[in-house]
Structure formats: C-alpha cells, structure tokens
1. Between residue 119 and residue 2, what's the calculated FRET efficiency when r is the beta-carbon distance and R0 is 45 Å? Round to 0.05.
2. List the trypsin sites (Lys or Arg not before Pro) within region 1-43 that DSSP assigns to loop and that have no more than 15 neighbouring Cβ atoms inside 10 Å.
3. Expressed as a rounded percentage, what relative contact order does the chain have, with Cα pairs under 8 Å and six or more residues apart?
4. Give, in nm to one decimal, the length gained when the segment between residue 82 and residue 24 is fully stretched (0.36 nm per residue of separation minus the Cα-Cα distance).
5. In the chain, once you exclude exposed GluC sites (Glu not before Pro) (DSSP loop, at most 14 other Cβ within 10 angstrom), what's the longest stretch remaining?
6. Mind jotting down a quarter of the surface of the convex hull over the alpha carbons of the chain, in square nanometres, one decimal?
7. Give me the net charge for the shell around residue 70: Cβ to Cβ below 13 angstrom, other residues only, Lys and Arg +1, Asp and Glu -1.
8. I want to check a number: in the chain, how many lysine pairs have alpha carbons closer than 25 Å, given a sequence separation of 8 or more or different chains?
Amino acid sequence: MKITKDSVVSLRYELFDSEGELLEKIEEPVSYLHGGYDGIFPVVEEALHGKSVGDHCKVTMQPDDAFGEYDHSLVEVEPRSSFPKEIEIGMQFEGGPESADDEDYLLYTVVEVTDDEVTVDGNHPLAGKTLTFDCTVTGVRPATAEELEHGHVHGEDGHHH
C-alpha cells in the first residue's frame, strides 16, 4: 500500500543537526495519521506521500519547516522568589500571559539560576536550527473511522491520548 491521505504511517527515524550530529534516534516505529492532521512536519509528510513500506526518505528542514526561528522575546528573567526553592537548570514550567488560555501556554525551560533571578526560555530547544529528518517507512495501513474522526492514530488496544 502506498502512503495516501487518511493512511496510518509507521516509521523509524533519526534526526540530525546541520553539522550531522545525531540528535534523536527512534528504534521502535512511531505512527502518525497522514494527510494534514499535524502528526508530523508538513515537509516530511509531503516527501513521504506515495512511498511504501521499506522506502527511505531524507528531508532537510529549515527552521521555519521544523521548530521555527529562535524568538529572543520568549526569553524572560523572573524574580527568584517566583520559583520553588529546588529550582535547577533544565527544569521546565508551563506558563504564559495571565489572559492566556491553556492552549496559548508555552513550555519554558530554566536556562540560568542566580541568587536573585531565574532565566527561562520559551523556545523549543531546536528552534532556529536546520535539521535533517532521515526515516524508513515500516508500515502503512488505512486509518479507521475512529482515527479519522479524532484526527490521530490509536494504539493497538484502542483509543489513546
């Protein structure tokens, strides 16, 4: 079966930075619903369209095709007193403007801690980077009616969120 709209695609992939350094390697196949359901990067989805099990695909993505440009306005310095005592670099917090809905919240990563201040960064760690997505298709099947209705793949045992 070829990859078409409304098919479930399973693949193994590796993600590299612009210097060829391996950032992520997925051994167990991951699955997504093909056809504009936001389950994978659109440029990768486009490159996979029409492929079959066993086919290989390698796509170099500019920042706008992946995690976006780095936005310096998403780096904020907050008073140390606003955070838990055990704050450490690398910890993550969800947050946003007081008027924001939960959907508008960002995941902020602590990047610096001093006695008086904590610096947090709301950018994705790979924002601003050119990435290469290298994958092999391991499975293709028609999506179920329930998967199409929900807009995402369900696991072998049924509905999962």
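What follows is calculated from the coordinates using simple rules that are stated; it is not laboratory data. Worth saying up front: this structure is predicted, and the values here are computed from it rather than measured. No Cβ is skipped: glycine too gets one built from the backbone with ideal geometry, and neighbour counts run over all protein chains shown.
1. On the way: r = 48 Å, r/R0 = 1.07.
FRET efficiency, residue 119 to residue 2: 0.40.
2. Working: sites: 2, 5, 12, 25; in loops: 2, 5.
Those that pass, being in a loop and sparsely packed, are 2, 5.
3. Working: 303 pairs, mean separation 56.1, N = 161.
Over the chain, the number comes to 35 percent.
4. Details: separation 58, 0.36 × 58 = 20.88 nm, distance 3.33 nm.
Separation in residues times 0.36 nm, less the Cα-Cα distance, equals 17.6 nm.
5. On the way: sites that count: 19, 21, 69, 86, 88, 98, 156.
Here the longest run is 99-155.
6. Working: hull surface 47.5 nm².
In nm², the orientation-averaged hull projection of the chain is 11.9.
7. On the way: positive: 129; negative: 64, 69, 71, 121.
That works out to -3.
8. The number of close lysine pairs in the chain is 9.
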